[in-house]
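Report on the following structure.
The values are calculated or read from the model by the stated rules, or taken from the named source; none is laboratory data. Note that the structure is a prediction, hence the values are computed from the model and not measured. Counting neighbours? That spans all protein chains shown, and the Cβs are built from the backbone with ideal geometry, glycine included. Note: accessible area is taken over every heavy atom of the protein model, side chains too, but ligands, DNA and RNA are not part of it. Shrake-Rupley method; radii C 1.70, N 1.55, O 1.52, S 1.80 Å.
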Amino acid sequence: MTDNPFFEAWETPFELPPFERIRPQHFPPAFERGMAEHVAEIAAIAGSAAPPDFANTIEALERSGKLLQRVGRVFHNLDASATSPALQAIDRDYAPKLAAHHTHIALDPGLFARIDALFQARDRLRLEAAQLRLLERHHLRLVRSGAQLGAAAKGRMAAISERLATLHTLFGQNVLHDEDEWRLVLDEDDLVGLPDFARAAAAAAASECGLAGRYVITLARASVEPFLAFSARRDLRRAAYEAWAARGTHAGGHDNEPLIQEIVALRAEQARLLGYENYAAYRLDDTMAKTPQAASNLLRQVWQPAKRKAAAERGELAAAALADGLNEPIAAWDWRYYAEKVRQQKYALDEAELKPYFVLDNMIEAAFAAARRLFGLRFTARRDCPSYHPDVRAYEVQDASGRAIGLFLRDDFARTGKHSGAWMSSYREQQALDGEILPIVVNNNNFAKGDPTLLSFDDAHTLFHEFGHGLHGLLSRVRYPSQSGTAVRRDFVEFPSQVFEHWLEVPEMLRRYARHYRTGEPLPEALLQRLLAARNFNQGFATVEYTACAMLDLDLHSQADPAGLDMAAFEKEFLARIDMPPEIGLRHRPAHFQHLFAGGGYAAGYYAYLWAEVLDADAFAAFDEAGNAFDPALAARLEAIYSAGDTQDPMALYRAFRGRDPAIAPLLAQRGLAEPGAAA
Ligand SMILES: [Zn+2]
């Protein structure tokens with residue numbers, strides 16, 4: 001194929017992919033050529049007659065696989081944000097091929113022999129600290145992939161990786177199928193309780209699927225959660241909740257339960273081959289937490305206080321429900337609805353009253369402004385960039401000196417063919433191995449599009465969270481590609497994102513950027529104070545629904561031999577064992593827990609959010625102590641974490657920022673879980 005855009009140089013701004021010219025049929029030949037080039041590059045390194053040194057082995061490895069990366073990044077971003085049956089078919093075909101390709105390289109004996117020789121001699125190589133870490137991490141990565149195993153075990157490792165790639169792909173596609181399949185189609189009479197913004201979003205969703213004049217609730221979180229919070233129709237709330245909770249569990253061609261069973265059994269087998277007791281022990285060996293016990297200890301520290309707080313919350317909800325004429329216990333489809341009622345009574349805080357002040361574009365401006373005051377960054381809209389969807393917006397990012405440091409893309413709205421949730425990824429990562437390469441970072445959200453788009457306070461948190469990940473990619477100042485930006489340990493990667501959420505809640509930011517979409521009036525001071533006063537409200541619920549998932553993840557991945565595991569029975573038994581409050585559902589049930597099963601990234605790692613929250617609460621407390629949310633000296637030390645990528649040990653980075661180890665008290669206070677009377 002001569003006209004394949006992947007085989008040309010791109011003359012676009014920041015060398016963005018020329019999306020308008022890329023067709024699904026361009027990917028297979030580009031993947032094939034990318035893999036072939038990569039194999040040849042690795043063979044040249046492994047077969048080199050020259051004795052191994054850092055430049056001819058590690059740096060050569062860092063340079064390898066460029067075409068494959070370019071194709072893979074475009075493919076995976078498009079498949080997540082704007083997929084199609086054609087892209088999904090390519091994903092099913094190439095996920096196992098790509099896994100086999102990477103395993104084959106990781107298990108190449110010649111490559112490992114050279115890296116191992118350098119590793120054994122590392123103290124004599126006079127490497128810079130970042131280079132030494134790079135060498136150690138490449139060595140560890142290969143060892144953890146099975147490079148030191150015998151031939152039979154290597155073969156089995158490779159076969160398992162290939163099969164897992166297929167299972168992960170199918171799992172994610174099944175969730176998307178169930179989300180796209182289900183719609184609650186409503187008429188005017190069914191909307192009782194829904195505020196204007198939810199009616200408008202439901203009308204827009206209806207138009208999008210050709211049902212103009214009616215109203216549609218979908219299983220996107222931004223659609224179903226407001227419906228559960230406001231619809232006065234208990235029967236409809238129940239129908240929506242049950243459909244949401246059932247994603248991935250339907251018998252037939254899109255059932256995820258058999259996939260989970262096979263995935264956890266294969267992961268456990270890989271861990272055994274590598275000499276670990278179970279998969280969780282294997283995964284956590286290369287994290288900040290180091291062991292499943294350390295992660296569970298943290299989860300256990302919040303579990304009982306969270307359940308106590310949730311029980312107190314349930315008492316308040318039950319009283320509101322009784323007053324509303326409900327003579328039954330609160331069910332999972334009632335919690336959000338009565339929580340909203342109690343929030344209105346207790347804090348005079350009404351989501352529908354608040355939402356007109358949270359205009360998407362103003363919240364984007366707020367995030368940009370915080371990045372400017374903290375790190376000197378400027379974001380300027382670029383309208384000359386190629387795009388895969390008209391809703392995507394591009395911004396050039398400049399540092400304080402006016403130098404361009406990267407390109408930032410925003411893809412904010414929910415739509416068919418886009419994976420649910422919110423995430424950051426890259427089309428290109430910062431590095432400077434052979435001259436400076438600037439990053440192209442993208443934030444994906446699934447906000448319900450409106451005119452203008454209005455956010456809940458939770459949505460605004462999500463926006464700041466993903467933007468924090470975005471800054472981690474944009475501020476990266478490293479030399480080697482595999483140390484770039486977010487390439488840090490899994491339980492550290494949520495720190496830069498979560499800490500950034502704190503700047504949303506800084507009162508002067510809210511006063512300036514939370515403005516009414518019609519009048520432009522700032523959020524009334526009394527409402528702002530009530531919003532901040534209500535910060536701990538419903539945190540018992542939020543902590544329980546999250547922590548239960550994190551415990552389930554560790555429990556499932558700590559099984560030594562889960563072959564033949566009955567997922568439905570496991571889930572039931574687990575919930576009974578932790579004494580899960582029946583009126584609180586898991587935030588993610590296993591059958592749609594994409595963090596764990598649509599890829600391996602967060603498997604045995606869902607605890608990472610709470611782990612990083614210890615750090616983010618403790619880190620922001622430093623700004624509180626300084627009495628200035630934009631304290632320049634602290635901001636400079638924080639920027640050092642955002643720019644370091646994986647060039648240093650994360651705890652060393654944190655200590656350099658804070659001057660000491662992290663403390664857990666700010667986390668407990670942040671979630672309202674501190675024992676009464678305990679010091680704040
Ligand atoms: Zn995150």
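Which pairs turn up if I take residues in the stretch 496-517 that are under 15 Å from residue 619 (Cβ atoms) and without any contact (Cβ under 8 Å) to a residue 40 or more places away in the chain and look for partners that are away from the ligand (no atom under 16 Å from the Cβ) and in a helix (DSSP H, G or I) with beta carbon separation below 8 Å, at least 6 apart in sequence or on another chain?
505/532; 505/535
Quick check, is residue 420 at pLDDT 95 or above, open to solvent by 10 Å² or more (accessible area, probe 1.4 Å) and among the polar types (S, T, N, Q)?
When the stated conditions are applied, residue 420 does not pass them.
In the stretch 424-442, which residue that is within 16 Å of the ligand (Cβ to nearest atom) and under 16 Å from residue 72 (Cβ atoms) is most open to solvent (accessible area, probe 1.4 Å)?
425
Please determine whether any residue of the stretch 354-366 is in contact with a Pro (Cβ under 8 Å, 6 or more places away or on another chain), surrounded by fewer than 19 Cβ atoms within 10 Å (Cβ to Cβ) and more than 19 Å from residue 445 (Cα to Cα).
So far as the stretch 354-366 goes, no, none of its residues is in contact with a Pro (Cβ under 8 Å, 6 or more places away or on another chain), surrounded by fewer than 19 Cβ atoms within 10 Å (Cβ to Cβ) and more than 19 Å from residue 445 (Cα to Cα).
Only residues that are within 14 Å of the ligand (Cβ to nearest atom) and not in a helix (DSSP H, G or I): list them for the stretch 490-507, please.
Within the stretch 490-507, 490, 491, 492, 493 qualify.
Any idea which of 114, 144, 126 is of a type in the set (D, E, K, R), in a loop (DSSP other than H, G, I, E, B) and under 30 Å from residue 649 (Cβ atoms)?
Within the list 114, 144, 126, the selection yields 126.
Table: residues versus (1) of a type in the set (Phe, Trp, Tyr); (2) over 21 Å from residue 434 (Cβ atoms).
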{"position": "31", "(1), (2)": "yes, yes"}
{"position": "47", "(1), (2)": "no, yes"}
{"position": "60", "(1), (2)": "no, no"}
{"position": "80", "(1), (2)": "no, yes"}
{"position": "84", "(1), (2)": "no, yes"}
{"position": "121", "(1), (2)": "no, yes"}
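If residue 476 satisfies every condition in (1) surrounded by fewer than 24 Cβ atoms within 10 Å (Cβ to Cβ); (2) away from the ligand (no atom under 15 Å from the Cβ); (3) assigned to a loop (DSSP other than H, G, I, E, B) but one, which is the exception?
Against the list (1) surrounded by fewer than 24 Cβ atoms within 10 Å (Cβ to Cβ); (2) away from the ligand (no atom under 15 Å from the Cβ); (3) assigned to a loop (DSSP other than H, G, I, E, B), residue 476 comes up short only on (1).
Out of curiosity, is residue 670 surrounded by fewer than 21 Cβ atoms within 10 Å (Cβ to Cβ), within 24 Å of the chain's Cα centre (by Cα) and modelled with pLDDT of 95 or more?
In short, no.
Could you list, ordered by first residue, the pairs with Cβ atoms under 7 Å in which the first is in the stretch 647-662 and without any contact (Cβ under 8 Å) to a residue 12 or more places away in the chain and the second is in a helix (DSSP H, G or I), at least 6 apart or interchain?
Close Cβ pairs satisfying both conditions: 661/655.
Just the residues that are in contact with a Leu (Cβ under 9 Å, 6 or more places away or on another chain) and charged (D, E, K, R), please, taken from the stretch 57-88.
Result: 59, 62, 63, 79.
Among the residues of the stretch 443-471, write down those that are open to solvent by 40 Å² or more (accessible area, probe 1.4 Å) and either under 19 Å from the mean Cα position of the chain (by Cα) or within 14 Å of the ligand (Cβ to nearest atom) (or both).
Of everything in the stretch 443-471, those that are open to solvent by 40 Å² or more (accessible area, probe 1.4 Å) and either under 19 Å from the mean Cα position of the chain (by Cα) or within 14 Å of the ligand (Cβ to nearest atom) (or both) turn out to be 458, 462.
I need every pair where a residue in the stretch 188-213 that is more than 14 Å from residue 225 (Cα to Cα) has its Cβ under 6 Å from the Cβ of a residue that is open to solvent by less than 60 Å² (accessible area, probe 1.4 Å), sequence separation at least 6 or different chains.
Filtered contacts from the stretch 188-213: 192/232; 200/450; 203/215; 205/216; 205/218; 206/215; 206/216.
Please determine whether any residue of the stretch 647-654 is aromatic (Phe, Trp, Tyr), in a helix (DSSP H, G or I), within 25 Å of the chain's Cα centre (by Cα) and within 18 Å of residue 298 (Cβ to Cβ).
Within the stretch 647-654, one or more residues are aromatic (Phe, Trp, Tyr), in a helix (DSSP H, G or I), within 25 Å of the chain's Cα centre (by Cα) and within 18 Å of residue 298 (Cβ to Cβ).
Please count how many residues of the stretch 595-617 are outside any loop (DSSP other than H, G, I, E, B) and in contact with a Gly (Cβ under 6 Å, 6 or more places away or on another chain).
0
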